[in-house]
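These notes concern the structure reproduced below.
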Amino acid sequence: MLKKFRIKAGSADGADAPSFKGTSAKDLRKRFRKDRHKDKKVAVFRYAYYAPAFKFFVEQVLDCDYLALPPATKRTMELGIQSSTDDVCTPFKHMMGDWIEALERGANVLVQVGGPCRLGFYGEMQEEILRDMGYDFTMLNFSHGIEQGYVGWAKEVMKMVNPDINVPHGVKQLLACGHMMTKLDQARDLYMTCAGFETKPGACKRAWEGLLDALEGCTSAKEVDAAYSAFAAQMRAVPLDKPARPIRIGIIGEMYTAIDMESNLDLDEKLMGMGVEVHRMLNFTNRYTHYNEPNLRRGISEYVTYDMGPTTTLTLAAAKEYAERGFDGLIHAKCTGCTPEIDAMPVLRSLSKDFKIPILYLTYDTETSDTGLMTRLEAFYDMLAMKKEAQLR
Amino acid sequence: MLNAPDAAHPVRTVGIPRALLFHKYGTLWRTFFEEVGLTVVVSGDTTRAVVEAGDALSIDEACLASKVFMGHVDALKDQVDAVFIPSFASVNHRAGFCTKFQSLPDLVSNTFRAEGVAVISLDLEDATDAKKMKAAYLDLASRLKVPGAQAKKAYKAAVAAQAAEDAKRAKRAAETVALMAKYRKVASTDPHQKELAPPLILLVAHPYLAHDRYVCGDITDALEAAGAVIVCADEVDHAKSFKRSFAFSETLPWLVNRELAGAALELKDAVDGIVMVSAFPCGPDSLFTDALMRRLKELPILNLVIDAQSGSAGVQTRVESFIDILRFKQEGGYLDAQEIPHQGGQR
């Protein structure tokens, strides 16, 4: 009010006019630039090693505050079990636990993805359960707007979370986020082929965790590349004692359980601990960024004609590729009741018979015991090792 | 395709398993193949032997309905040149199917790989898109070397037959509801309040459960024995139910569940209670059941999950006690029933 008055008064007599000298147009623009940031605390469910990418998405694309979740505990699982129906698939329960913990820690916005199976209905159901429990929040559910693809999702984001997003900047950063996920997958692939053979225990793991830390601080695609380069250099420098023909195991299966270490009880680390070269074609890059289902299906056309489900084509294509490359065994990991992966199993049986490759089928639920899993993995490893020894002799 | 029929053995007899979506699209399929000049063999009713054979052929964790399906394919395989199993994809995010229906042809091909059961199939991307559906069926006919004109005529006749069948069922359901409403109105005029209309139950179950005597027969028998009248939710007018289901849920991905939800919304004031039946372990129903229970809180709901081991005694007890509760409520036994006209304030 006072400012207005002064300018008015100044312009009236002409002598006391406010001076803009020394204030360039650029400074002015800066002064009046809209603050697009929203002080909302946005949480994403815990999923494998993708937390840095989720953080990047929230901070750079949504332009909000990211609420980081600490590692899951037994309590997380129990919260999830208590708030879900019994026969729903296990990822639903894991996510429910994540949501409750996030809300307890002050989250205002929860981000749920859409998907082609039950996952497409997760968001709506989880929102309803949490509301019935009395929580107050906004759910950014990408099952809405899915008919219009990216345009629909952008509208959904602006409606639900941040209407002031700078769209061109957001698109650029979304691509950078996808790039970070690709780099994460690439780094994980490198890590899983090396860590089983390191001579200094923990060297690879330190490099891997260093990468995750570095990515947490990245704000652009360029910084992501720099962080990856540093990680790769560190990994190449780790001395390895790798036999000429190591035991190689391919992990195939369902998108959540086969990747997420919380759900599959650290399957990767357990195998690497036995000195196995671990491969997993299933990851975000191969399922979303570079996914061409009809073309991928060409390679397995002697087994299937149609797309059999969200990740089934990738499961079967990976299985066949690993078998053709002479892998020692495959591990098929899924959660209880995952229909598409159950349907992949008869096809895997055909494949296993044709290529004479052993497959260990693991079904995880919330009660799966760590020791029980270890016993099965050790037995599987011993069998593969004996087979390999007989072959090499 | 692993077991596609080869040119040397043209398909003359086609088998259709009496399971899963046969109970929804069976008339269309049967009419279509008959009209293009093939002999159609539909497998018999589900029996214990069929279920046991299907169980042995399936992965343990697969749902009961898919095990039943495998049993039917097994029963058909020696009688026919090829088994017809379409693949329903979920291109439409709001009217898709459980991925089971997408994978069935390949699942059967691989399960019966040693026997070499020939499968004829087609890719149905979007069941709500009439144009695409027609194109897919005509493509199948051309693969079967049927002349184009005959195929078109056959498809037209098949769609008309299915529409007539659906309309007949919808009419039956609507008539039952109307009749019961009338009964209730007449009963309410009884000065002694002794006359009570039988409870009207909405059976919310996938068509392949509701119309399979082996799977659901115990439940419907027990309901009828207890004096209830049943309306099947899957028989209520499909187009209307589908439209109405968007008031129930925006993101529900499955067409069949949408039709059930829409019917439940439409009839929630007309029925006394809902009996939900799902096959263990049904993917869509694991979420849908919960959604329905949370959103129709005012209505009594009995939720039954059936598996291959189900005996009839347990089902009978639960159904009887459910009907007893409904009767008690009808008679004004519960406090909230005081709001029912003519009965308020008498207790």
Here the residues within the range B:109-126 that are touching a residue at least 60 places away in the same chain (Cβ under 8 Å), at the interface with chain A (Cβ under 10 Å from one of its Cβ atoms) and not in a helix (DSSP H, G or I) are B:PHE112, B:ARG113, B:VAL119, B:SER121
Those residues of the range A:130-157 that are at negative phi, surrounded by fewer than 19 Cβ atoms within 10 Å (Cβ to Cβ) and either at the interface with chain B (Cβ under 9 Å from one of its Cβ atoms) or of a type in the set (Gly, Ala, Ser) (or both) come to a total of 4
In the range B:72-108, anything within 14 Å of chain A (Cβ to nearest Cβ), in a loop (DSSP other than H, G, I, E, B) and among the β-branched types (Val, Ile, Thr) is listed as B:ILE85, B:VAL91
From the option list B:GLY37, B:GLY26, B:GLY15, single residue qualifying as in a helix (DSSP H, G or I) and either buried (at least 22 other Cβ atoms within 10 Å of the Cβ) or not hydrophobic (A, V, I, L, M, F, W, C) (or both) is B:GLY26
message: Kindly evaluate A:LYS93 against the criterion of being assigned to a helix (DSSP H, G or I), crowded, with 18+ Cβ neighbours inside 10 Å, more than 14 Å from chain B (Cβ to nearest Cβ) and of a type in the set (Lys, Arg).
response: no
(request) Evaluate the range A:356-379: report whether one residue or more is within 14 Å of chain B (Cβ to nearest Cβ) and assigned to a helix (DSSP H, G or I). (result) no
Yes/no for B:ALA56 being surrounded by fewer than 21 Cβ atoms within 10 Å (Cβ to Cβ) and either within 14 Å of another protein chain (Cβ to nearest Cβ) or at pLDDT below 95 (or both) = yes
Condition check: polar (S, T, N, Q) and in contact with a Pro (Cβ under 7 Å, 6 or more places away or on another chain). Does A:THR199 satisfy that? yes
When the range A:380-393 is checked residue by residue, the ones that are part of a helix (DSSP H, G or I) and either modelled with pLDDT under 95 or touching a strand residue (DSSP E or B) at 6+ places or on another chain (Cβ under 9 Å) (or both) are A:PHE380, A:TYR381, A:MET383, A:LEU384, A:LYS387, A:LYS388, A:GLU389, A:ALA390, A:GLN391, A:LEU392
Log entry, pairs with first residue in the range B:245-270 being without any contact (Cβ under 8 Å) to a residue 24 or more places away in the chain, second being part of a helix (DSSP H, G or I) and surrounded by 24 or more Cβ atoms within 10 Å (Cβ to Cβ), beta carbons closer than 6 Å, six or more apart or on different chains, reads B:SER245/B:ARG258; B:SER245/B:ALA261; B:SER245/B:GLY262
Check the range B:266-278 and report whether any residue there is within 13 Å of chain A (Cβ to nearest Cβ), crowded, with 20+ Cβ neighbours inside 10 Å, hydroxyl-bearing (Ser, Thr, Tyr) and under 14 Å from the mean Cα position of the chain (by Cα).
yes
Modelled with pLDDT of 95 or more, out of contact with any helix residue (DSSP H, G or I) (no Cβ under 8 Å at 6 or more places or on another chain) and closer than 29 Å to B:ALA239 by Cβ, is that true of B:ALA151? no
Considering the range A:208-226, residues that are surrounded by 14 or more Cβ atoms within 10 Å (Cβ to Cβ) and not in a helix (DSSP H, G or I), and then whichever is farthest from the chain's Cα centre (by Cα), we arrive at A:SER220
Among residues of the range A:228-265 being without any contact (Cβ under 8 Å) to a residue 40 or more places away in the chain and hydrophobic (A, V, I, L, M, F, W, C), the residue nearest to A:GLU389 (Cα to Cα) is A:ALA244
Margin query: Condition (residue is in the same structural domain as B:PHE22 (by TED's automatic domain parsing), of a type outside the set (Asp, Glu), in contact with a strand residue (DSSP E or B) (Cβ under 8 Å, 6 or more places away or on another chain) and surrounded by fewer than 19 Cβ atoms within 10 Å (Cβ to Cβ)) applied to the range B:112-132: is it met by at least one residue?
Written below: yes
For the range A:296-317, indicate whether the set of residues that are within 10 Å of chain B (Cβ to nearest Cβ), buried (at least 23 other Cβ atoms within 10 Å of the Cβ), touching a residue at least 12 places away in the same chain (Cβ under 8 Å) and small (Gly, Ala, Ser) is non-empty. yes
Here the residues within the range A:78-126 that are under 20 Å from the mean Cα position of the chain (by Cα) and hydroxyl-bearing (Ser, Thr, Tyr) are A:THR90, A:TYR122
Going through the range A:96-117 in order, the residues found to be of a type in the set (A, V, I, L, M, F, W, C) and either assigned to a loop (DSSP other than H, G, I, E, B) or in the same structural domain as A:ALA333 (by TED's automatic domain parsing) (or both) are A:ALA107, A:VAL113, A:CYS117
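Kindly state which helices (runs of 4 or more DSSP H) lie completely within the range B:228-340 and contain at least 2 residues that are among the acidic types (Asp, Glu).
B:255-267, B:283-295, B:312-330
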Within the range A:57-72, the residues that are assigned to a loop (DSSP other than H, G, I, E, B) and under 11 Å from A:VAL42 (Cβ atoms) are A:LEU62, A:ASP63, A:CYS64, A:LEU67, A:ALA68
Note on the range B:163-202: residues outside any helix (DSSP H, G or I) and either surrounded by 12 or more Cβ atoms within 10 Å (Cβ to Cβ) or in contact (Cβ under 8 Å) with a residue 12 or more places away in the chain (or both) are B:GLN193, B:GLU195, B:LEU196, B:ALA197, B:PRO198, B:PRO199, B:LEU200, B:ILE201, B:LEU202
The correct count of residues that are among the hydrophobic types (A, V, I, L, M, F, W, C) and within 17 Å of B:ASP234 (Cα to Cα) in the range B:179-210 is 8
The correct count of residues that are within 13 Å of B:LEU64 (Cα to Cα) and in contact with a Ser or Thr (Cβ under 8 Å, 6 or more places away or on another chain) in the range B:286-320 is 2
Selection from the range A:111-138 of residues within 25 Å of A:PRO340 (Cβ to Cβ) and of a type in the set (A, V, I, L, M) yields A:VAL111, A:VAL113, A:LEU119, A:MET125, A:ILE129
The number of residues in the range B:202-252 that are within 14 Å of chain A (Cβ to nearest Cβ) and in contact with a Phe, Trp or Tyr (Cβ under 9 Å, 6 or more places away or on another chain) is 3
- Going by the conditions given, is A:THR76 farther than 30 Å from A:GLN173 by Cα and modelled with pLDDT of 95 or more? yes
A:LEU351 fails exactly one of (1) within 11 Å of chain B (Cβ to nearest Cβ); (2) buried (at least 20 other Cβ atoms within 10 Å of the Cβ); (3) part of a strand (DSSP E or B), namely (3)
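The values are calculated or read from the model by the stated rules, or taken from the named source; none is laboratory data. Just so we're clear, the structure is a prediction, and the values are computed from it rather than from any experiment. Here the Cβ is made from the backbone with ideal geometry for all residues, glycine too, and neighbour counts use every protein chain on show.
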